[in-house]
Amino acid sequence: MNNFTFCSPTKFVFGRGVTDHVGEELAAAGHTRALIVYGQGSVVRTGTLARVIASLDAAGVSHVELGGVRPNPEIGLVREGVALARAEQVDVILPVGGGSAMDCAKAIAIGACYDGDPWDFWAKKATVSRCLPVAAVVTIPASGSEASNSCVISNDEVGLKCGCNSELIRPALAFLDPELTFTLPPYQTAAGVTDMIAHIMERFFSGETAVHATDNLACGLIRAAIDAAEVVMADPKNYDARAELMWIGTLAHNGIAGCGLGIPGKRDGDWTCHGLEHELSALDPAITHGAGLAVIFPAWMRHVWTSHPERFLTFGAEVFGIEPVDPDVDDLSDIDEEVTPERAVHDAVEATIDALQEFFISIGMPETLGELGVTEKDIDQLLAGLKVNRGESFGTFAALTLEDARTIYESAL
Ligand code: NZQ
Ligand code: ZN
């Protein structure tokens, strides 16, 4: 087990009706003026925004609003938000929405404390040293941004989507009201489930050796996500299944699912699949992050599994009940005589990757890049962005090059 630092400073307020207590929690934390940040209208249509505003009013917390954050949020609106936060002298940023609203809010929170252009943080020209507090009202379990140290922003002018990571940008407060997620369209529900599973897998497949405490937590969370997903796809208003997904989404990305599996001082996982996917959403902001991951992750797994087959065997056994086969097993009496130990491992790994991909497809996620409108001629552009964001070589589970990335994209077309 490698050394690690785990700090999850967010206060989580979870359950039915917590949306109506946002104001009193903010007031108790000493906040007096909030900048509400929201997306393209779902929180208006569902009444969630009105409930949050009513709770602020009741608690004597004044507010200003910035709506219109698009999925895969863009730096232009962040700049507007920074100007608004300063002009209105707000003391807390309050996203009401998903990862896009939360990341836009986090970006405003760091931009408001910085004299230069906020894009500097994503262009790696500045590091975060100060940040306004963020309190998040989560409407979709997916990104885990409500507890993560990460903030992902696109810049259409330069055609990039980049991450900025800092411990300072973990939200101070997160409101997790599962009933808010009843209105999610099936595609967004499924993309969210895929994203949370991917956050756990990026850490599980870090390339480090087993940490049983963390591995059991990770595989247990994924099993629970699969079970709950099957329930909500059939019954979108099932409170307990929605609640499970909401909490799994947070635990998947606050860092607890990777303790001991990271390389100290570096990333707490491999994160290559996220890198490959972010280039898809940079290419076309209409591509939903989770949907891109549903295509990329299995393709990456098929490309790299031979680097650490034992991790795939553990994953297959724990998540899907696919019996692991010890590559050194002497007694092959229970295996077909024709099957060599190597073949048995290969088959178990293939079955594991197939099972994962079939699950993603079963909840409505795409199988190929073609379904997302990405074709072979786009690959050079994807690789150009990847080179800016990840360099010429990347990955801890397996060290990959841009040529490997090309192979993975091509295999997923
Ligand atoms: O924009 P509105 O109208 O609100 O509609 C949204 C949007 O169309 C809709 N939606 C959200 N909650 C709803 C709802 N519709 C009905 N009922 C509800 N309760 O769902 C759509 C997707 O929303 P979005 O916020 O984009 O989804 P998600 O939470 O998946 O966030 C995706 C963004 O987060 C980034 C992704 O790259 C992407 O930009 N990520 C952020 C991370 C982080 N900060 O730690 C980690 C992730 O790996 C990810 O990269
Ligand atoms: Zn993600």
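No value in this document is a laboratory result; all are computed from the given coordinates. What you see is a predicted model; the values in this text were computed from it and never measured. Cβ sites come from the backbone with ideal geometry, for glycine too, and all protein chains shown count toward neighbours.
Assorted remarks:
- For LEU160, the residues whose modelled amide H falls within less than 5 Å of its own, excluding neighbours fewer than 5 places apart on the same chain, are ASN155.
- For segment 289-295, backbone phi angles converted through the Karplus equation (6.51, -1.76, 1.60; θ = phi - 60°) give residue-by-residue couplings of 3, x, 5, x, 5, 4, 8 Hz, Gly and Pro being listed as x.
- Global form of segment 347-413, assessed from the alpha-carbon gyration tensor, a/c cut-off 1.5: oblate
- With Cα atoms as the point set, the radius of gyration and Dmax of segment 186-411 evaluate to 17.5, 53 Å.
- Inter-site label distance for VAL339 and LYS124 at 7 Å from Cα along Cβ, in nm: 4.5
- The orientation-averaged shadow of the Cα convex hull for segment 11-181, equal to a quarter of the hull surface, comes to 8.5 nm².
- With a Förster radius of 45 Å applied to the beta-carbon distance between LYS377 and ALA213, the computed FRET efficiency rounds to 0.45.
- Chain lengthening between ALA83 and GLU157 when straightened (0.36 nm per residue, less Cα-Cα): 24.7 nm
- Each of the GluC sites (Glu not before Pro) that DSSP puts in a loop and that has at most 16 other Cβ atoms within 10 Å breaks the chain; the longest unbroken stretch is 158-336.
- With respect to the chain, whose longest principal axis is taken over its alpha-carbon atoms, helix 379-390 is tilted by about 70°.
- Long-range tail of P(r) for segment 39-103 (Cα pairs > 13 Å, %): 65
- Model label sites at ALA28 and SER8, defined 7 Å from Cα along the beta-carbon direction, differ in position by 1.9 nm.
- Crossing angle, helix 186-204 versus the chain [Cα axis fit, 0-90 degrees, rounded to tens]: 60
- Legend: Rg and Dmax of segment 1-56, from Cα coordinates, 15.3, 48 Å.
- Normalised Debye scattering of segment 72-142 at q = 0.18, 0.26 Å⁻¹ gives log10 I(q)/I(0) of -0.63, -1.22, counting only Cα atoms as equal scatterers and leaving out solvent.
- The ranking of LYS377, LYS11 by Cβ neighbour count inside 10 Å, starting from the fewest, reads LYS377, LYS11.
- DSSP-assigned coil residues among chymotrypsin sites (Phe, Trp or Tyr not before Pro) in segment 11-99, each with at most 15 further Cβ atoms within 10 Å: none
- Relative frequency of Cα-Cα separations exceeding 36 Å in the chain, percent: 23
- Helix-only [θ]222 nm of the chain, DSSP H runs n ≥ 4, -39500 (n - 2.57) each, per residue, nearest 500: -14500 deg cm²/dmol
- Degrees between helix 212-234 axis and first principal axis of the chain (Cα, 0 to 90, nearest 10): 70
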